[in-house]
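We did not get these values from a lab; they are worked out from the coordinates using the rules stated. The structure presented is a predicted model; accordingly, all values stated were derived computationally and were not measured. Cβ sites come from the backbone with ideal geometry, for glycine too, and all protein chains shown count toward neighbours.
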Amino acid sequence: MAEPTAYRSGGGCFSKLVTLILLIAAGGLATAVFYAAQPQDLTGLSGEGPNAKPLPERDMKVVLQNAIDRGYAVTLSEAEVNQWLARTLVAKQGGPLASQVSLDRVLVRFEDSRAEVIMERRIMGRPFTVSMFLQISRMEDLKGTTTEVQLHGGPYHPDFPNPPRGGRFGRLTIPQGFLILVRPAYEKLAAAFPDEIRMAFHEMQRIKIEKGNIILDPREPMGMGGVPGTF
């Protein structure tokens with residue numbers, strides 16, 4: 001009598017599936033690292049580069065304080081802000097890697113409803129960029145209205161609001177949670193301009209970010225009547 005054939009359930013299909021998943025994950029990680037290491041293209045920023053047209057120099061504190069005191073809206077262009085940062089900010093990298101890492105410049109990009117603050121560094125001679133998205137919202141409560149700066153650039157897709165886009169590492173757009181890696185650097189940047197940030201974001205009642213410009217208005221909303229001209 002023939003002996004029964006032993007049947008052994010193989011794990012071939014499952015192991016191949018796990019291997020495929022791991023390969024896809026590794027490929028995705030490698031692609032993310034590649035794009036994160038590529039600095040984003042900054043040539044389209046206004047006021048940046050050797051061919052940028054120099055604008056009249058204005059003292060930002062005086063401009064903002066005059067708008068608050070006299071009650072009118074002021075428009076700052078992307079080019080003006082970038083050239084002001086280039087004049088006033090002394091970019092310096094600290095820490096134990098200071099000899100290998102340099103902070104070259106800080107730039108802003110104004111898009112519809114959001115701003116992007118970009119830091120460009122050189123790591124062992126190679127350019128590297130990180131950025132943070134900012135959006136402005138007006139909050140109302142029992143104490144009145146306040147302007148809130150949100151550290152994100154909106155959702156990746158309207159149907160998937162969370163997590164929102166936080167910024168960019170190189171050319172890779174990252175979720176908001178990854179900003180914890182660069183937030184200390186941005187806190188130091190904000191500490192260099194306490195008066196300008198207070199006047200621009202805490203004393204202005206209305207802030208509008210549009211492509212190429214930011215409009216700051218210290219006056220309360222006037223309803224449907226519109227807003228007087230800006231300066």
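With both labels modelled 7 Å from their Cα along Cα-to-Cβ, the residue 165 to residue 15 distance reads 4.3 nm. A straight chain from residue 33 to residue 105 at 0.36 nm per residue would run longer than the Cα-Cα distance by 23.6 nm. Give me the net charge for the shell around residue 169: Cβ to Cβ below 15 angstrom, other residues only, Lys and Arg +1, Asp and Glu -1. Residues close to residue 169 contribute a combined charge of +3. Summarising the amide proton neighbourhood of residue 156: residues at separation of 5 or more, or on other chains, whose placed amide H is nearer than 5 Å comprise 165.
Summarising the label geometry, the points placed 7 Å from Cα in the beta-carbon direction at residue 146 and residue 90 lie 3.4 nm from one another.
Given their separation in residues at 0.36 nm each and the Cα-Cα distance between them, residue 25 and residue 51 gain 5.1 nm when the chain is fully extended.
Once label points are set 7 Å from the Cα along Cα→Cβ at both residue 198 and residue 65, what is their separation, rounded to one decimal in nm? Each label point lies 7 Å from its Cα, and together they span 1.1 nm.
The length gained by stretching the chain between residue 126 and residue 157 to full extension, at 0.36 nm per residue less their Cα-Cα distance, is 7.9 nm.
Only the Cβ atoms of Lys and Arg (+1) and of Asp and Glu (-1) were treated as charged; on that basis the dipole of the range 10-88 about its Cα centre amounts to roughly 200 debye.
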